[in-house]
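Taking it in order: structure first as structure tokens, then the write-up.
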Amino acid sequence: AGGDWRPVSHDSIIEPQGGLDVISSIDMHLQDVASSALREQLQEHDAAWGTVILMEVNTGMIRAMANLTRSSKEALEGEPSQYFESFNHAIGTAVEPGSTFKLASLMTAMSEGGVKASDEIDTGNGITYFHGKRMSDSNADQGGSGILNTTEIFELSSNVGTALTIKKAFGENPQKFLDGLQSLGVDAPTGVRLAGESTPQVYQNAGDGRWSGLSLTQMSIGYEVTQTPLQTLTLYNAVANNGKSLRPQLVERLENNGQVVKTFQPEVLKQSICSPAVLANCQDMLKSVADPEGKGTAQYVFANSPYRVAGKTGTARIAGPNGYDGRCRASFAGYFPADQPRY
């Protein structure tokens, strides 16, 4: 006051304290491998963005999380597009997952709808109609696959077979399907301790919002629902972990001057997502997709792999402001080694 300065003291002014060291779960070697592989694939396909997440099956610890987005600047003639870390798509981008969601659909059908792995459905020529809207399989132009059992429907990623299975099981009571999905936990965020996790969109009640006569069959193949990549991974990790669903974690421990203050243990979201019998069927179905000797959609990808993989391919058409415009989103979710999963 009046140009005179004097020290001011207040109870709210406290001396700074040394903070704790946060020891991340990320393995820098695995992170480097994941990021390099992701960049290579994005450049090959000139994709808009991509993510790779590597989770340790029995702890839920994330050992790698790579996210790359294509630069808005045009690439020079003959030069590959440039990619940057600008957004965490793994936790923040909730999109229609497409065929990777068929695991949740068929698991629910076997748990709540009385469906068995050996049950057969006639997929005909790979084309069918629901309320006048066409649905087709990827091999419809070759005449389709005809009669398939539940395992083969999953192995070949038959849209028609999946939708007909779900319609047969839950057509009279779609709420039972929605309740079954909720029991798997696919309607809830993972609760990962990182800001920005998007909330998945899964109908809670038949008739909510934009629900229509098409919603049941569309949901069965991964449309009219949204999931982040990490939410999809959490379900697949539970199958690898013998049914126990774990919260994804990014921090291993806290230290103070080299002394461990706190260690983070695995956090169980659900002790068991389904019965042992349904789980065993789902594990077999996931193995068949990537079996080098089989006819699954990922057979050729792992033909020369040093270990067996179990998983599911996904292709989702991308909706623009004027409907689906020909662009696609490709994904894969799975675990390895198939018989004793580690990641």
Is there a residue being crowded, with 20+ Cβ neighbours inside 10 Å, of a type in the set (Val, Ile, Thr) and touching a Pro at 6+ places or on another chain (Cβ under 6 Å) anywhere in region 183-190?
yes
Quick one: how many residues across region 291-310 are surrounded by fewer than 16 Cβ atoms within 10 Å (Cβ to Cβ) and free of Cβ contacts under 8 Å to residues at least 40 places away in the same chain?
9
Inspect region 311-318 for any residue being at pLDDT below 95, of a type in the set (S, T, N, Q), surrounded by 13 or more Cβ atoms within 10 Å (Cβ to Cβ) and at negative phi and give the result as yes or no.
yes
Taking the residues in region 319-340 that are open to solvent by 30 Å² or more (accessible area, probe 1.4 Å) and within 13 Å of Gly222 (Cβ to Cβ) as candidates, determine which candidate is modelled with the lowest pLDDT.
Ala319
Of all residues in region 197-237, which are open to solvent by 20 Å² or more (accessible area, probe 1.4 Å), within 14 Å of Ala94 (Cβ to Cβ) and either of a type in the set (Val, Ile, Thr) or part of a helix (DSSP H, G or I) (or both)?
Thr199, Thr226, Pro229, Thr232, Leu233
Checking Ile153, Ile127 in turn, the sole residue that is among the β-branched types (Val, Ile, Thr) and surrounded by fewer than 22 Cβ atoms within 10 Å (Cβ to Cβ) turns out to be Ile127
May I ask you to list the residues in region 96-150 that are under 22 Å from Ala330 (Cβ atoms), part of a helix (DSSP H, G or I) and not hydroxyl-bearing (Ser, Thr, Tyr)?
Gly98, Phe101, Lys102, Leu103, Ala104, Leu106, Ala140, Asp141, Gln142
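Rundown of residues vs (1) aliphatic (A, V, I, L, M); (2) within 30 Å of Leu164 (Cα to Cα), yes/no style:
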residue: Arg70; (1), (2): no, no
residue: Ser86; (1), (2): no, no
residue: Ala90; (1), (2): yes, no
residue: Ser99; (1), (2): no, yes
residue: Gly114; (1), (2): no, yes
When region 203-215 is examined, which residues are found to be out of contact with any Asp or Glu (no Cβ under 6 Å at 6 or more places or on another chain) and within 19 Å of Arg317 (Cβ to Cβ)?
Arg210, Ser212, Leu214
Is at least one residue of region 10-22 exposed (fewer than 14 other Cβ atoms within 10 Å of the Cβ), of a type in the set (Val, Ile, Thr) and farther than 24 Å from Lys262 by Cα?
yes
Would you mention how many residues in region 73-124 are open to solvent by less than 50 Å² (accessible area, probe 1.4 Å) and of a type in the set (Lys, Arg)?
1
Which residues, counting only those in region 58-107, are of a type outside the set (Lys, Arg) and under 30 Å from Ile121 (Cα atoms)?
Val95, Glu96, Pro97, Gly98, Ser99, Thr100, Phe101, Leu103, Ala104, Ser105, Leu106, Met107
When residues of region 79-94 are filtered for being among the aliphatic types (A, V, I, L, M) and outside any loop (DSSP other than H, G, I, E, B), how many remain?
2
What pairs come up if the first residue lies in region 251-266 and is open to solvent by 80 Å² or more (accessible area, probe 1.4 Å), the second is part of a strand (DSSP E or B), and their beta carbons are under 7 Å apart, counting only those six or more places apart or on different chains?
Val260/Arg253; Val261/Leu254; Val261/Glu255; Lys262/Arg253; Lys262/Leu254
Hey, among Ala206, Ala188, Ala195, which residue is out of contact with any Gly (no Cβ under 8 Å at 6 or more places or on another chain) and modelled with pLDDT under 95?
Ala195
Being touching a residue at least 40 places away in the same chain (Cβ under 8 Å), of a type in the set (A, V, I, L, M) and over 27 Å from Phe264 (Cβ atoms) is the filter here; which residues of region 26-45 pass it?
Leu42
For Leu178, indicate whether it is aliphatic (A, V, I, L, M) and in contact with a Pro (Cβ under 9 Å, 6 or more places away or on another chain).
no
Need at least 2 residues that are of a type in the set (Phe, Trp, Tyr) per element, so show me which strands (runs of 3 or more DSSP E) inside region 238-343 make the cut, counting only ones lying wholly within it.
323-335
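The values are calculated or read from the model by the stated rules, or taken from the named source; none is laboratory data. Just so it is clear, the structure is predicted and the values come from calculations on it, not from any experiment. Virtual Cβ from ideal backbone geometry, glycine too; neighbours counted across all protein chains shown. Heads up: the accessible areas ignore ligands, DNA and RNA and are worked out on the full protein's heavy atoms, side chains in. Shrake-Rupley method; radii C 1.70, N 1.55, O 1.52, S 1.80 Å.
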